[in-house]
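First comes the structure, then the notes that go with it.
Derivation of every value follows stated rules applied to the coordinates shown; laboratory data play no part. Because the structure is predicted, anything quoted here is derived from the model rather than measured. Every residue, glycine as well, gets a Cβ built from its backbone with ideal geometry; the counts of neighbours run over all protein chains shown.
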Amino acid sequence: MPFRYEIRLSGSGGQGLILIGKVLAEAAAIYDGLNATQSQSYGPEARGGASRSEVIISDGDIDYPKAEDIDLLLALTQEACDKYMGDLKENGVLIVDSQMVTKQPTGKFKVVSLPIIQSAVERLGKYMVSNIIALGIISKISGIVSEDAVLHGIRARVPKGTEDLNIQAYNTGVELAQKWLDEHKETR
């Protein structure tokens, strides 16, 4: 039976969720040889309104491209967390920005709460790379695509001239996730 891994990236418009959805899908399909679909949805307000991107990765055919039984949910706002929590499957993973999502739900899933936006600002001086930090966290926590594939995807998708900054952001996310994994070994 083929595996199917569903990811929902949620937050507000302008946070770069669609970009990292495209990077994840391309990393899986082009560089790791898996099947992948990516879809997106956002409110009428380009910036500030609700935004989400979904990626489905499988080693078999993807007959239905909408995510309904989410394996991993990224929520960068409280509103997104509240709205999409119900779609997270038992034993799934919820990744939240620890400062933006202060009312974290509990259940039969793993919650990874990290200072994503704060790390972008403090470590790299750029709010706009928060999405790529989140991508590094997703990549490390899920292990669903190879690091090499994601790095290729970043280089192919980010604006020219920002590749090095975005690679630093990705590595920051991987480092944050590794630290979280090390601290939570006994609960995995």
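Table for the structure above
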read-out: Exposure proxy order (Cβ contacts within 10 Å, fewest to most) of Leu72, Leu151; value: Leu151, Leu72
read-out: Share, in percent, of DSSP beta bridges within the range 4-187 that are antiparallel, nearest 5; value: 55
read-out: Per-residue ³J(HN,Hα) for the range 93-104, Karplus 6.51 cos²θ - 1.76 cosθ + 1.60, θ = phi - 60°, Hz, x for Gly and Pro; value: 10, 10, 10, 10, 6, 4, 9, 8, 10, 8, 9, 8
read-out: Neighbourhood charge, 13 Å Cβ-Cβ cut-off, centred on Gln78 and excluding it, Lys, Arg +1 and Asp, Glu -1; value: -1
read-out: Radius of gyration, Dmax [the range 123-181; alpha carbons; angstrom]; value: 10.7, 33
read-out: Exposure proxy ranking, count of Cβ atoms within 10 Å, fewest first, for Tyr31, Tyr64, Tyr127, Tyr84; value: Tyr64, Tyr127, Tyr31, Tyr84
read-out: Spatial extent of the range 4-187: Rg and Dmax, with the Cα atoms as the point set, Å; value: 15.0, 44
read-out: Per-pair calculated FRET efficiency, R0 = 30 Å: Asp59 and Glu175 via Cβ, rounded to 0.05; value: 0.55
